[in-house]
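Visitor: Handing you a structure now.
The values are calculated or read from the model by the stated rules, or taken from the named source; none is laboratory data. Not measured: the values here are computed from a predicted model. Virtual Cβ from ideal backbone geometry, glycine too; neighbours counted across all protein chains shown. For the accessible areas, the whole protein counts, side chains as well, though only heavy atoms, and no ligand, DNA or RNA atoms are used. Shrake-Rupley method; radii C 1.70, N 1.55, O 1.52, S 1.80 Å.
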Amino acid sequence: MYENNHLISRLYAACKGRETDRFAQIPGRDDVSFQALFKGAEKTAAALVACGVIPGDRVAVQVEKTIESIQLYLGTVMAGGIFLPLNTAYTVSELEYFLGDATPRVLVCDPAKFDDIEAVKGDAELLTLDAAGQGTLIERRQQFDEFQTVARGANDLAAILYTSGTTGRSKGAMLSHSNLSSNSEMLREYWQFTQQDVLIHALPIFHTHGLFVATNVALLSGASVVFLPKFDADAILEAMPNATALMGVPTFYTRLLDDPRLNAERASNMRLFISGSAPLLVDTHAAWEARTGHRILERYGMTETNMSTSNPYVGERRAGTVGFPLPGVEAKVMAEGAEVPNGDTGVLWVRGANVFQGYWQMPEKTAEELMDDGWFITGDLAKIDADGYVTIVGREKDLVITGGFNVYPKEVESLIDELNGVVESAVIGVPHRDFGEAVVAVVVGTTTPDAILAALEAALAKFKQPKQVIIVDELPRNTMGKVQKKALRETYANLFQ
Ligand code: AMP
């Protein structure tokens, strides 16, 4: 089935012969079989084509997580379109930028936002889909039964995902059919996913982690999923005794650890806990192992590259590292135009079939970051140890330059995080008249600034020591659990003015 469509034929292959088996269990809704999943996707594809979608058209989507929205992803690709998911947190004025940039043929939104979005939709046909899986998209698709997939090859685009835009405007990362299929196929092998797996799927699906890593790996393996609309500790703990795998961001793990019901017995059927999208603290890794007996497998990737490195399935999962470059992915650490020796910090470059096709309508940005020979400059600072394990040190733009000296926030954060009474910390640079930037530590915990400064005095060179320590209740995070350093820099911009 679907042989003419590179990605869909692959996503369907493992489901063949098991059409009536369960793909998804969804609390409060009927189970969904593989057949029902793909049938709904076909109907969606037919409805999109009836709206005028032709190969290469963008289908933009800002909707809650439902099986129907997964069918919208699959249906868009079946129709030869380019799936363009948007974070549900974006406001209408933010949407205006994305819509102007991507000029989608169809835009699917939550009915509650219909009136506001209509004003900014441009030429797009506006359809709705709500959290219960209902809306005009579903009404439209009811009149169709089946769909012949549109032919699409390995190099055609399947999706555009906007990066979170921490510096300047968000950029649309163009991902081809084979960028997605090759990465997920490799992850299936590397993490040993099979039909026997039951994956707890609680990640959002407007992001590479939940959409591609979780959904594509499950489909490619013919695994089933416990499909949760969002992170919900109760639902995850309830699902765990009958599940085998969980993919999460670090906050999933810290929140589950807060729940006394998490224990080794509850996790005894689980074979794999995966974390990514933000750094997992060494403490969290240790606490999880102590409580459940499982060592979390941490991996690293980004919208532009899919997944690039992973700790091993078999072998040592080293806390604080993101493991080895995945099979078929090359990685190197560069500084001043040359590869640095093992253990030194520089900017991580990666190359492989996982790397995207460039930024949508931004040829200059693409040329700056994606080299002609295929290397992509990730913008992440990293080091590779003698055993080949990669450690992410932070984003290059978060590097603090104070009085002409470089300070890697992670070095300071790691020391602070080890202190008694500290939960976590974020080190930033803020404008300073003498130093250009001053090192500031924002800390969550029950300790005092003086105690932290005293502890760092002997451990760090003077220029790396924070000029000020601020104690807060929590760090600002986005939905993927990433600490928003940009927001912190804005909050404390005038500290030394
Ligand atoms: P996104 O494009 O939203 O997936 O964000 C990608 C960025 O998240 C990367 O460039 C890293 O800075 C960060 N990231 C992803 N996984 C990890 C990880 N395991 N450890 C540290 N940072 C990570």
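Visitor: Any residue at all in region 412-422 that is within 14 Å of the ligand (Cβ to nearest atom), surrounded by 18 or more Cβ atoms within 10 Å (Cβ to Cβ) and under 22 Å from the mean Cα position of the chain (by Cα)?
Guide: Within region 412-422 (the criterion being within 14 Å of the ligand (Cβ to nearest atom), surrounded by 18 or more Cβ atoms within 10 Å (Cβ to Cβ) and under 22 Å from the mean Cα position of the chain (by Cα)), the answer is no, since none of the residues qualifies.
Visitor: How many of the residues making up region 327-354 are part of a strand (DSSP E or B), of a type outside the set (A, V, I, L, M, F, W, C) and open to solvent by less than 40 Å² (accessible area, probe 1.4 Å)?
Guide: Taking region 327-354 and keeping what is part of a strand (DSSP E or B), we get 330-335, 338-339, 346-351.
Keeping just the survivors that are of a type outside the set (A, V, I, L, M, F, W, C) gives 330, 332, 339, 346, 351.
Next cut, open to solvent by less than 40 Å² (accessible area, probe 1.4 Å) only: 332, 346.
Total satisfying the criteria: 2.
Visitor: Which ones in region 137-147 are surrounded by 12 or more Cβ atoms within 10 Å (Cβ to Cβ) and either touching a Phe, Trp or Tyr at 6+ places or on another chain (Cβ under 6 Å) or touching a residue at least 24 places away in the same chain (Cβ under 8 Å) (or both)? Spell out how you get there, then give the answer.
Guide: Going residue by residue through region 137-147, those that are surrounded by 12 or more Cβ atoms within 10 Å (Cβ to Cβ) are 137-141, 144, 147.
Answer for region 137-147, where residues must be surrounded by 12 or more Cβ atoms within 10 Å (Cβ to Cβ) and either touching a Phe, Trp or Tyr at 6+ places or on another chain (Cβ under 6 Å) or touching a residue at least 24 places away in the same chain (Cβ under 8 Å) (or both): 137, 138, 140, 141, 144, 147.
Visitor: Filter region 376-397 down to residues that are open to solvent by 20 Å² or more (accessible area, probe 1.4 Å) and within 21 Å of the chain's Cα centre (by Cα), then give me how many there are.
Guide: 7
Visitor: Out of all the residues in region 293-307, which are within 18 Å of residue 382 (Cβ to Cβ) and either more than 16 Å from the ligand (Cβ to nearest atom) or under 12 Å from the mean Cα position of the chain (by Cα) (or both)?
Guide: 299, 300, 301, 302, 303, 304, 305, 306, 307
Visitor: So which of 270, 240 is among the aliphatic types (A, V, I, L, M), over 22 Å from residue 480 (Cα atoms), more than 16 Å from the ligand (Cβ to nearest atom) and buried (at least 16 other Cβ atoms within 10 Å of the Cβ)? Steps first, answer last, please.
Guide: On the way: 240 fails: over 22 Å from residue 480 (Cα atoms).
Selected residue: 270, the only one of 270, 240 that is among the aliphatic types (A, V, I, L, M), over 22 Å from residue 480 (Cα atoms), more than 16 Å from the ligand (Cβ to nearest atom) and buried (at least 16 other Cβ atoms within 10 Å of the Cβ).
Visitor: May I ask you to say which residue of 286, 290, 245, 264 is open to solvent by less than 10 Å² (accessible area, probe 1.4 Å) and either away from the ligand (no atom under 16 Å from the Cβ) or of a type in the set (A, V, I, L, M, F, W, C) (or both)?
Guide: Working: 286 fails: open to solvent by less than 10 Å² (accessible area, probe 1.4 Å); 290 fails: open to solvent by less than 10 Å² (accessible area, probe 1.4 Å); 264 fails: open to solvent by less than 10 Å² (accessible area, probe 1.4 Å).
Sole residue among the options that is open to solvent by less than 10 Å² (accessible area, probe 1.4 Å) and either away from the ligand (no atom under 16 Å from the Cβ) or of a type in the set (A, V, I, L, M, F, W, C) (or both): 245.
Visitor: To continue, here is another question. Can you tell me how many residues within region 287-307 are touching a helix residue (DSSP H, G or I) at 6+ places or on another chain (Cβ under 9 Å) and either under 23 Å from residue 206 (Cα atoms) or modelled with pLDDT under 95 (or both)?
Guide: 9
Visitor: Of everything in region 462-497, what is polar (S, T, N, Q), within 16 Å of the ligand (Cβ to nearest atom) and closer than 24 Å to residue 421 by Cα? Give them in sequence order.
Guide: Here is the first cut: in region 462-497, the ones polar (S, T, N, Q) are 465, 468, 478-479, 484, 491, 494, 497.
Okay, now just the ones that are also within 16 Å of the ligand (Cβ to nearest atom), so 478-479, 484.
484, the sole residue that qualifies.
Visitor: Tell me which residues, restricted to region 439-497, are hydroxyl-bearing (Ser, Thr, Tyr) and over 26 Å from the mean Cα position of the chain (by Cα).
Guide: Taking region 439-497 as the starting set, the residues that turn out to be hydroxyl-bearing (Ser, Thr, Tyr) are 446-448, 479, 491-492.
Within region 439-497, 446, 447, 448, 492 meet the criteria.
Visitor: Ok, one more. Give 199, 228, 161 a once-over and let me know the one that is among the aliphatic types (A, V, I, L, M), open to solvent by less than 10 Å² (accessible area, probe 1.4 Å), at pLDDT 95 or above and within 15 Å of the ligand (Cβ to nearest atom).
Guide: Numbers: 199 fails: within 15 Å of the ligand (Cβ to nearest atom); 228 fails: within 15 Å of the ligand (Cβ to nearest atom).
That would be 161, the only listed residue that is among the aliphatic types (A, V, I, L, M), open to solvent by less than 10 Å² (accessible area, probe 1.4 Å), at pLDDT 95 or above and within 15 Å of the ligand (Cβ to nearest atom).
Visitor: Filter region 174-199 down to residues that are of a type in the set (Phe, Trp, Tyr) and either within 22 Å of residue 236 (Cβ to Cβ) or without any contact (Cβ under 8 Å) to a residue 24 or more places away in the chain (or both), then give me how many there are. Please lay out each step first, then the result.
Guide: Within region 174-199, the subset of a type in the set (Phe, Trp, Tyr) is 190-191, 193.
Okay, now just the ones that are also either within 22 Å of residue 236 (Cβ to Cβ) or without any contact (Cβ under 8 Å) to a residue 24 or more places away in the chain (or both), so 191, 193.
So the count comes out to 2.
Visitor: Also, I was wondering about something else. Can you say whether residue 176 is in contact with a strand residue (DSSP E or B) (Cβ under 8 Å, 6 or more places away or on another chain), buried (at least 18 other Cβ atoms within 10 Å of the Cβ) and modelled with pLDDT under 95, as far as the supplied structure shows? Break it down into steps so the answer makes sense when it comes.
Guide: On the way: in contact with a strand residue (DSSP E or B) (Cβ under 8 Å, 6 or more places away or on another chain): yes; buried (at least 18 other Cβ atoms within 10 Å of the Cβ): yes; modelled with pLDDT under 95: no.
Answer is no for this residue.
Visitor: Looking at (1) buried (at least 18 other Cβ atoms within 10 Å of the Cβ); (2) over 26 Å from residue 365 (Cα atoms); (3) in contact with a strand residue (DSSP E or B) (Cβ under 7 Å, 6 or more places away or on another chain), which is the only condition residue 453 fails?
Guide: Single failed check for residue 453: (1).
Visitor: Using beta carbons and a limit of 9 Å, which pairs, at least six apart or on different chains, have the first residue in region 110-122 and under 13 Å from residue 100 (Cα atoms) and the second one in a loop (DSSP other than H, G, I, E, B)?
Guide: What qualifies is 117/110; 121/104; 122/103; 122/104.
Visitor: Any residue in region 339-351 that's closer than 16 Å to residue 378 by Cβ and in contact (Cβ under 8 Å) with a residue 12 or more places away in the chain: show its pairings with residues that are aromatic (Phe, Trp, Tyr) and surrounded by fewer than 19 Cβ atoms within 10 Å (Cβ to Cβ) at Cβ separation under 8 Å, as long as the two are six or more apart or on different chains.
Guide: 345/408; 349/375; 350/375; 351/375
Visitor: Here's something else I'd like to know. Can you pull out the strands (runs of 3 or more DSSP E) entirely within region 6-114 that have at least 3 residues that are aliphatic (A, V, I, L, M) and open to solvent by less than 30 Å² (accessible area, probe 1.4 Å)? First the steps, then the outcome.
Guide: Values: elements: 22-25, 58-62, 82-85, 106-109.
Output list reads 58-62, 106-109.
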